[in-house]
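Presented below is the structure to which this report refers.
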């Protein structure tokens, strides 16, 4: 792993951390949106290149000399990439920004202002918009009983479970207190984990109504967006999502109820995998998504038990308050009714 030699910004207030993999065609627009910020304070920009095979590094070196580049010799995934950038960052605040996202000019100013009066364990974001249509995508995310994400578009909701990692704002001290992203997750669901951990320990998870960001959803990691009425995603993304959400149930659910909930979750995943495999006539649904997800979650049990102990230590949120964050109707049923079976690649 090599670190670029850009001149370091003196005493930055915000460190913008951008994880990049094969984002040659995305980096200019993303970085230009950071340069255009109206925040009257120093901002440092750190990009972790995750062993890209395209010309990402050439773009960074030739067109973005003020950016500090961490060059990974091998692909390590989103979690470790962000942990590396956070450990290198010097700002009071961190903004984790996807390479396929762009900020409105006042975004950082609005986030810093909002964070000023919040308690320590605060995780913030902004309304997310589609760059092509301009439509609102979400104002944060709720979860169903199986911890599947449910985008929320209503303003001012206090029951948000998490905010998108595509634009996640957190104090550096809070990041360190929460331990950053769990590297065993690799990629996907890590934003949910971090926000639920903050919630468990009495923190705040919120979306600031002013400003916003544009996000080309799924460009950086294999789909997960609706195209022509159908949900498009990838086998790998779906595998990581299913495995990590099962793990999330065990790690974050308060009280002993986590264990039966975890086992029920695995049983439902097995039934869902068999059903989709038959309906889609695709054996890969089982062999590449659901069986590896179930096997992977069980194989991670020693790690999950340790993570659970750390997550529940100092917990101030009770079981029923936690359940109050969860919608009782499974989101996958809504998605199936609205978009039909997913397109996998």
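The values are calculated or read from the model by the stated rules, or taken from the named source; none is laboratory data. Everything quoted here is computed from the prediction, not taken from an experiment. Neighbour counts run over all protein chains shown; Cβ positions are idealised from the backbone, glycine included.
Residue count for the range 103-116, restricted to those that are in contact (Cβ under 8 Å) with a residue 40 or more places away in the chain and either surrounded by 23 or more Cβ atoms within 10 Å (Cβ to Cβ) or more than 16 Å from residue 129 (Cα to Cα) (or both): 9.
Being part of a helix (DSSP H, G or I) and more than 19 Å from residue 185 (Cβ to Cβ) is the requirement here; does residue 307 meet it? Here the answer is no, as residue 307 does not meet what is asked. Looking across the range 117-135, the residues that are in contact with a strand residue (DSSP E or B) (Cβ under 6 Å, 6 or more places away or on another chain) and either buried (at least 21 other Cβ atoms within 10 Å of the Cβ) or over 13 Å from residue 206 (Cα atoms) (or both) come down to 123, 124, 125, 126, 128, 129, 130, 131. Which numbered condition in (1) within 19 Å of residue 189 (Cα to Cα); (2) over 22 Å from the mean Cα position of the chain (by Cα); (3) modelled with pLDDT under 95 is the only one that residue 278 fails? So residue 278 meets the others, but not (1).
Every residue, every condition in (1) touching a residue at least 12 places away in the same chain (Cβ under 8 Å); (2) closer than 25 Å to residue 169 by Cβ; (3) buried (at least 18 other Cβ atoms within 10 Å of the Cβ), yes or no:
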| site | (1), (2), (3) |
| --- | --- |
| 12 | yes, yes, yes |
| 19 | yes, yes, yes |
| 34 | yes, yes, yes |
| 38 | yes, yes, no |
| 47 | yes, yes, yes |
| 53 | yes, no, no |
| 56 | yes, yes, yes |
| 66 | yes, yes, no |
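Of the listed requirements (1) outside any strand (DSSP E or B); (2) closer than 20 Å to residue 121 by Cα; (3) touching a helix residue (DSSP H, G or I) at 6+ places or on another chain (Cβ under 6 Å), residue 202 misses just one: (3). Here residue 83 meets each of (1) closer than 25 Å to residue 176 by Cβ; (2) surrounded by fewer than 20 Cβ atoms within 10 Å (Cβ to Cβ) with one exception, condition (2).
Comparison of 307, 293, 246, 270 shows that the only residue that is more than 26 Å from residue 321 (Cβ to Cβ), outside the structural domain of residue 188 (by TED's automatic domain parsing), modelled with pLDDT of 95 or more and surrounded by 20 or more Cβ atoms within 10 Å (Cβ to Cβ) is 293. Here the range 323-334 is the region considered, the condition is being part of a helix (DSSP H, G or I) and surrounded by fewer than 16 Cβ atoms within 10 Å (Cβ to Cβ), and the residue that is nearest to the chain's Cα centre (by Cα) is 332.
Please verify whether residue 175 is in the same structural domain as residue 160 (by TED's automatic domain parsing), surrounded by fewer than 20 Cβ atoms within 10 Å (Cβ to Cβ) and either at pLDDT 95 or above or under 27 Å from residue 266 (Cβ atoms) (or both), treating the condition exactly as stated. In short, no.
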